[in-house]
């Protein structure tokens, strides 16, 4: 008996024999996401369910990734007791925030707070600079000044996007 997978005949499976409505309404609700995707791929091209992403789904994903990254760094910085590690984390926060522009393009409150902090940190006569090295002071001023410039030129406020 010849192997049916090596023959030129198309391979048939159970989904070919079931009506499409039965698959959609009787089987799909009981499948998890990965199984639904696999079952959808088993259907003929014209019968597959297509679900488009929401318009802002990519931006919301970027915002949630940015919140997680920034939240982790801010927590580490607040718990740091060594002044050197605290200064390094402060610089890392200002370097990381530029990687997630959607955080300050789609949230007016976050934008206001970060801009105020950037103005505060770009002032060299700030009181908190007492325990900061010259390198950290110069680097922080440069990072915050560049951030404020990019807020005005490259990353304007677009609209408020409510995330879950």
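The values are calculated or read from the model by the stated rules, or taken from the named source; none is laboratory data. All values reported here derive from a predicted model rather than from experimental measurement. As a convention, Cβ positions derive from the backbone with ideal geometry for all residues, glycine included, and neighbour counts pool all protein chains shown.
Counting only residues that are surrounded by 14 or more Cβ atoms within 10 Å (Cβ to Cβ) and touching a helix residue (DSSP H, G or I) at 6+ places or on another chain (Cβ under 6 Å), which one in the range 70-85 is nearest to residue 156 (Cα to Cα)?
In this case the residue turns out to be 73.
What's the number of the condition residue 98 fails, among (1) over 26 Å from residue 60 (Cβ atoms); (2) out of contact with any helix residue (DSSP H, G or I) (no Cβ under 6 Å at 6 or more places or on another chain)?
(1)
Looking at the range 133-142, can you tell me whether even one residue there is out of contact with any strand residue (DSSP E or B) (no Cβ under 8 Å at 6 or more places or on another chain), closer than 24 Å to residue 160 by Cβ and either modelled with pLDDT of 90 or more or surrounded by 17 or more Cβ atoms within 10 Å (Cβ to Cβ) (or both)?
The answer is no; no qualifying residue exists.
Take the range 15-30 and flag every residue that is surrounded by 11 or more Cβ atoms within 10 Å (Cβ to Cβ) and outside any helix (DSSP H, G or I).
Listed by number, the list holds a single entry, 18.
Closer than 30 Å to residue 21 by Cβ and not in a helix (DSSP H, G or I), is that true of residue 161?
When the stated conditions are applied, residue 161 does not pass them.
Just to confirm my filter: which helices (runs of 4 or more DSSP H) fall fully inside the range 31-126 and include at least 1 residues that are without any contact (Cβ under 8 Å) to a residue 40 or more places away in the chain?
33-42, 57-79, 83-96, 108-121
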